[in-house]
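The values are calculated or read from the model by the stated rules, or taken from the named source; none is laboratory data. Just so it is clear, the structure is predicted and the values come from calculations on it, not from any experiment. Here the Cβ positions follow ideal geometry from the backbone for every residue, glycine too, while neighbour counts run over all protein chains shown. Note: accessible area is taken over every heavy atom of the protein model, side chains too, but ligands, DNA and RNA are not part of it. Shrake-Rupley method; radii C 1.70, N 1.55, O 1.52, S 1.80 Å.
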Amino acid sequence: MTVVIAGAAETDALGRLPGHSTMRLHLEAARNALADARMTKDDIDGIATVGTPGPIQIAHALGITPAWLDGTGVGGSSFLFHVRHAAAAIRAGLCRTVLITHGESGRSRVGAGRYGMGPDSLIGQFELPYGVVGPPTSFTITALRHMKETGLTHEQLAEVAVAQRRWAHLNPRALHRDLITVDDVLASRMVAYPFHLLECCLVTDGGGALIVTSEELSCRPPVYLLGSGESAESPIISQMEDFTTSKAFRLSGEAAFAEARIGHDDVDHLMVYDAFAHVPIYGLEDLGFVGRGEAGAFIAEGHTSPGGRLPLNTNGGGLSYTHTGMYGMFAIQESVRQLRGEAAAQVPGVEVGVVLGNGGMFASAATLVLANRLP
């Protein structure tokens, strides 16, 4: 059975939405995705989402009695996992059409829970006592080791933010659109060494939704799921096998490329979760598009910018477009738009796109290979 993404849409607005509860963001995104797919709630028999509200609450709010649910929560990559799991469920006959929703009041915190890490958790026991508190300080561990071992420079790290702002400049929905330079990035406030403010993700409100079904039930020109992969490494960053590479990135990417039967030269468009500026560097290297230590120069030379040979994070990414806290949904959305030819900063001739999601601090990863044609 051929599985496709038949609907994809975000909330009406992104950014600061203090009038939107988390539930409202989910439901608004779901409404928009159903309209995009030319379907109604009565076509849906599977629900997947992460966090609170969960899949049961979303189904109840929409008036859906699902035959299949998925509440897999592995951080910002969860939505890529949901696509993969939905495809498996559809192929197995467990359901026919799955609605995947995301809504997060990351900026306004309307209906959001408190931040915190219990003292009995792994982080609480083994990292928090040493001052590792949250993503900015956790991710510094990997970034600094990569810089030391590969020669990645501060200027090359800044080039990631510069390149993605070039894409955001072309996107009216991006939160930050003004072009920036390496000097601008390095002059921005230091958040946690080596990360300056412009090398850290945005904090926004928003949501998105996807509809996954079989090609036979799709009412729109479909986006095919050619391959997928998922993996996980360690729930705490200090226990990674190697700070300069993500095992979960490598394994999920290898699985997705093998299932899709594609090579790197077949990829026209790439989305890599970019909570911080070094994550796309890991993505390029761990997926095998460049060698170890080569991604910084590759980006600095303009290969991922508009007009480059490997367009990367063409919506502006988590650094310039939006980042509600879990970004993976928005990476998938942009890949779908590019494959449909509907993106604000459309890349000519996109036929195959790859999406790589990160969860936690290199804790989980999933990779999707999408296409607007079958091989």
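Under a 5 Å amide H cut-off, with hydrogens placed 1.01 Å from N, Val191 pairs with His196, Leu197 among residues at least 5 apart or on other chains.
For the residues Ile332, Ile237, Ile100, a GNM of the chain with alpha-carbon springs under 10 Å puts the largest fluctuation on Ile237. Think of the chain as having a plus end and a minus end, set by charges on the Cβ of Lys, Arg, Asp and Glu; of Ala187, Ser246, Cys201, Cys201 sits farthest toward the positive end of this dipole.
Axis angle, to the nearest 10 degrees, between helix 154-168 and the longest C-alpha principal axis of the chain: 30 degrees. Computed extension length for Arg177-Met1: 59.2 nm, one decimal, from 0.36 nm per residue of separation with the Cα-Cα distance subtracted. Each Lys and Arg contributes +1 and each Asp and Glu -1, all at the Cβ; summed about the Cα centre of the chain, the dipole is approximately 720 debye.
Using a Förster distance of 41 angstrom, determine the FRET efficiency expected from the C-beta separation of Glu342 and Leu144, and round it to 0.05. About 0.55, to the nearest 0.05. Extension gain for the segment Glu294 to Glu216, taken as residue separation times 0.36 nm less the Cα-Cα distance, is 23.8 nm to one decimal. With the simple spin-label model, which puts each label point 7 Å out from Cα in the Cβ direction, the Asp242 to Arg309 separation comes to 2.4 nm.
Average accessible surface for region 269-335: 19 Å² per residue, computed with a 1.4 Å probe over protein heavy atoms with every protein chain in place.
With R₀ set to 35 Å, the beta-carbon distance separating Ala92 from Met190 gives a calculated FRET efficiency near 0.10. What separates the Cα centres of region 205-228 and region 281-298 is a distance of 29 Å. Considering helices alone, the calculated mean residue ellipticity of the chain at 222 nm is -10000 deg cm²/dmol, with DSSP H runs of length four and up weighted by -39500 (n - 2.57) and normalised per residue. Remark on Ala6: its backbone amide H falls under 5 Å from those of Ile211, Val212, Thr213, a criterion applied only to residues 5 or more positions apart or on other chains, H modelled at 1.01 Å from N.
Here the chain has 53 percent of its accessible surface on carbon and sulfur atoms, given a 1.4 Å probe and all protein chains in place. Coupling constants for region 55-66 follow from the phi torsions by the Karplus curve (6.51 cos²θ - 1.76 cosθ + 1.60, θ = phi - 60°), and in residue order they are x, 5, 5, 5, 4, 5, 5, 8, x, 10, 9, x Hz; glycine and proline get x. A Cβ-based charge dipole, computed about the Cα centre of region 278-375 with Lys and Arg at +1 and Asp and Glu at -1, lands at about 180 debye.
Be a star and scan region 287-307 for residues whose amide nitrogen sits under 16 Å from the point 7 Å along the Cα-to-Cβ vector of Leu170. What the label zone holds, given the 16 Å backbone N cut-off, is 302-307. Karplus-derived 3J(HN,Hα) values for region 338-349, using 6.51 cos²θ - 1.76 cosθ + 1.60 with θ = phi - 60°, are 4, 5, 7, x, 10, 6, 4, 10, 5, 8, x, x Hz; glycine and proline are entered as x. Positive end of the dipole of the chain (Cβ unit charges, origin at the Cα centre): among Met326, Ser228, Pro18, the Cα lying farthest that way belongs to Pro18. What region 88-168 shows is 49 Å² of accessible area per residue, with the surface traced by a 1.4 Å probe over protein heavy atoms. Couplings 3J(HN,Hα) for region 308-318, derived from phi with the Karplus relation 6.51 cos²θ - 1.76 cosθ + 1.60 (θ = phi - 60°), are x, 7, 9, x, 10, 6, 6, 8, x, x, x Hz, where x marks Gly and Pro.
Paramagnetic label reach from Phe126 (point 7 Å along Cα→Cβ; backbone nitrogen cut-off under 20 Å): within region 217-243, residues 231-243. In the chain, a dipole from Cβ-located charges (positive for Lys and Arg, negative for Asp and Glu) runs towards its positive end, and of Gln125, Val355, Ser78 it is Ser78 whose Cα lies farthest in that direction. Full extension of the chain between Val203 and Asp42 yields a length gain of 54.5 nm, computed as 0.36 nm times the residue separation minus the alpha carbon distance.
Here region 133-266 is assigned +1 on the Cβ of each Lys and Arg and -1 on the Cβ of each Asp and Glu. Its dipole about the Cα centre then comes out at about 340 debye. Within the listed set Val212, Val160, Val290, the Gaussian network model of the chain (springs between alpha-carbon atoms below 10 Å) gives the highest mean-square fluctuation for Val290.
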